[in-house]
Amino acid sequence: MSHIRSVAAACVAAGLLASAAMPAASHPLDALTEAEITEAVALLTQAGHAGDDTLYPYISLKEPEKSVVLGWREGDPEPRAVEVHFKTGDGVFIAEVDLAGGAVVSVEPAPAETMILVAEFMTAMDLATSDPDFVAGLEKRGLTAEQVFCLPLTAGRFGLPEEDGRRLMKVPCYVLPEGSNFYAKPIEGLYAVVDLNAGAVVQVFDTGVRPIPEDGWGYTEAEVEARTGTLRPRGNPVTLSQPGGTNVTIENGLISWDIWRFRARVDKRPGVVLSNIEVRDRDRWRSVLYQAHLSEVFVPYMDPDDGWYWRTYMDSGEYGFGIFLSPLRAGVDCPAHATFLPAVVHTDEGAPLSIPDAICIFERSIGDPAWRHFEIFAQGENEQVPAEGRPATQLVLRSASEVGNYDYLVDYVFHQDGRIDVMVGSTGLDAVKGAAIKSMHDEGAAEETRYGTLVAPNLIAPNHDHYFNFRLDFDIDGQANSFMRTALVPGKPEDGAPRRSFWVTENTTARTELEGRYKINPDRPAMYHVMNMDAHGPLGHHPGYMIVPGNSVAYAPFDYEGDMPMKRNAYVEYTLWNTPYSATERYAGGRFAFQSDGSDTLAAWTRQDRPIDNTDIVTWYTMGFHHVPHMEDWPVMSTMWKGFTLRPFNFFPYNPALTIRLPE
């Protein structure tokens, strides 16, 4: 059993602890330092609220009021407070700890289930593999507990009586691999239901023995060469390099590059959080976003089988994108010339945990022009005037979170023309289930693959979705902002005019939250903006930023009232949402995602239909994609990028890329 625990620990968090000390915070929105995490736990312990056996699902910066942050100047006293979720023998509690004052401000019972603890993965696995009924199920398949690797998973919530008062995980298992792929040999039809509160297995499901796949499907270079017999011929490397060194400066937590500056920190739940994003317009810095970060990730599987219907994961709120940040590999995940930064989170015991190389920051030029024009009329008989143009360079801030079988790269890409791309790259391994069939020619193949695709002999990858909601707190030249939809509607031709069809723009401002929800429909073309209606540019335009959906729009025929997983994640019904700023509304799936009931979500908040015109608003963007797996997804998936763009719209007096220099 001990080596099972070590395997699980390696998959979850082991090997990430580093001793590098982090610098002291320099700004109210900077990440908690190792010393601050330690101090928060110490203050709780000294006050008698915590002890040596206390566990900590979540320790996070408690941000000061927005007005305090915006009014803060370097040298001012720095407000530093911590929100701590902790578990003792008396229950689970939420505390606020004032680091500046050195005191515990409040301690209240947790109103709902907190994020998963790493220790709970181990507990659930040990409980399952020591349960007599589960062990008997393994024996029916010719296996022992020492031969399997189990992956406890959040069980979701479905409004069933047996869920009440319980903290549930469901535990499927795989044959322990001899190679790199931990998911290639699922033990289908057998899983345990564990109540973490009771510390017991409450049910074992065994729906019958199915064949266990024989192939280990390793994906290391040596394993691939052994399988295929050869690798591609080694070619000349194509690399990004920066011989003169970086143009990025990081000073007291402030990241500056070209016309951009912003702050970045890591939180255990959303991962990277960007704050105070400003752009330089000639000789002044102008506010674009107060904050931007991932809000929630929803991955529902479309297989109604007993072993799969409950797989409706909220990867950020239940598991955490920050705690599962994985070290980035130079030359693979990021260019070798990138700047790599650690991230400080915490262990279950409340100790600081430093993840090395959790963020990379790099400049890249992919050979595209920022702009160009070749003027035919400037050409002479004996002289050719070359195209006028400038090379485009981007700044990329990247992280990668590994949540179970999937890896998610999250990029914030800053352009020299004032654009920001928000991108998610999905890769890793498909979740697969064991099947009786080895080929689509086998009897029963159509029925077995009704909800997925046969990707290898005895392996079906079920259909599923991926949704990512981002919280975008725009402050376009200040907090008084409005959200506008600019529709392209048919123009009215004059009687007798030769041109009989054209379009004109029609602007509609969202006055309330329910008006501020939008679905993107190509049949009804429109543009979407956040604008400051109290500000004016040199030509009288109101400055704004446009949200360009790109390839990121996905909808599905879900029941958002009657189906509990969809009610908990009803933010996927619309691409765009808008709410008035509220410090307590940070996550579209609610403050507590684990076994939530959908009552504290973005969709629930907007039912208040609060005013959102010409005030401090937050825009929420849901992007996603439907994944119908195919053989090319196995054994590893090519990275699929989805994203959206924030583009200046009458914000600058002219194209800001105009001032880019020609290369020497």
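The values are calculated or read from the model by the stated rules, or taken from the named source; none is laboratory data. From a predicted model like this one, the values you see are computed outputs, not experimental measurements. Using ideal geometry, Cβ is built from the backbone for each residue, glycine included, and neighbour counts are taken over all protein chains shown. Just the protein is used for accessible areas: all its heavy atoms, side chains included, with ligands, DNA and RNA removed. Shrake-Rupley method; radii C 1.70, N 1.55, O 1.52, S 1.80 Å.
Just a few scattered comments:
- Among the residues of region 432-451, those identified as open to solvent by 10 Å² or more (accessible area, probe 1.4 Å) and either in contact (Cβ under 8 Å) with a residue 24 or more places away in the chain or within 25 Å of Ala570 (Cα to Cα) (or both) are Lys433, Ala436, Tyr451.
- Selection of region 154-176 for residues being open to solvent by less than 30 Å² (accessible area, probe 1.4 Å), closer than 16 Å to Asp563 by Cα and outside any loop (DSSP other than H, G, I, E, B) yields only Glu163.
- Checklist (1) under 16 Å from the mean Cα position of the chain (by Cα); (2) open to solvent by 20 Å² or more (accessible area, probe 1.4 Å); (3) of a type in the set (S, T, N, Q) applied to Ser399, failing item: (2)
- Members of region 345-369 found to be open to solvent by 40 Å² or more (accessible area, probe 1.4 Å), more than 22 Å from Ala330 (Cβ to Cβ) and in a strand (DSSP E or B), listed by number: Pro369
- Positions within region 494-520 being surrounded by 11 or more Cβ atoms within 10 Å (Cβ to Cβ) and either at pLDDT below 95 or assigned to a strand (DSSP E or B) (or both), in sequence order: Trp503, Thr505, Glu506, Asn507, Thr508, Thr509, Thr512, Tyr518
- Given (1) without any contact (Cβ under 8 Å) to a residue 60 or more places away in the chain; (2) farther than 30 Å from Leu459 by Cα, number of the condition Tyr309 does not satisfy: (2)
- Ala145 over 25 Å from Ile323 (Cβ atoms), of a type outside the set (Ser, Thr, Tyr) and surrounded by fewer than 14 Cβ atoms within 10 Å (Cβ to Cβ): no
- Of the criteria (1) open to solvent by 40 Å² or more (accessible area, probe 1.4 Å); (2) in contact (Cβ under 8 Å) with a residue 60 or more places away in the chain, which one Ile59 fails: (1)
- Pairs linking a residue in region 496-517 that is of a type in the set (A, V, I, L, M, F, W, C) to a residue that is assigned to a helix (DSSP H, G or I), with Cβ atoms under 6 Å and 6 or more positions apart or on different chains, are Ala510/Gly516.
- The set of residues from region 254-285 being part of a loop (DSSP other than H, G, I, E, B) and open to solvent by 30 Å² or more (accessible area, probe 1.4 Å) comprises Asp258, Arg282, Asp283.
- The numbered conditions (1) open to solvent by 30 Å² or more (accessible area, probe 1.4 Å); (2) at pLDDT 95 or above; (3) closer than 29 Å to Glu278 by Cβ; (4) assigned to a loop (DSSP other than H, G, I, E, B) are all true for Gly550 except (2).
- Any chance Gly75 is at pLDDT 95 or above, over 30 Å from Val201 (Cα atoms) and open to solvent by 60 Å² or more (accessible area, probe 1.4 Å): no
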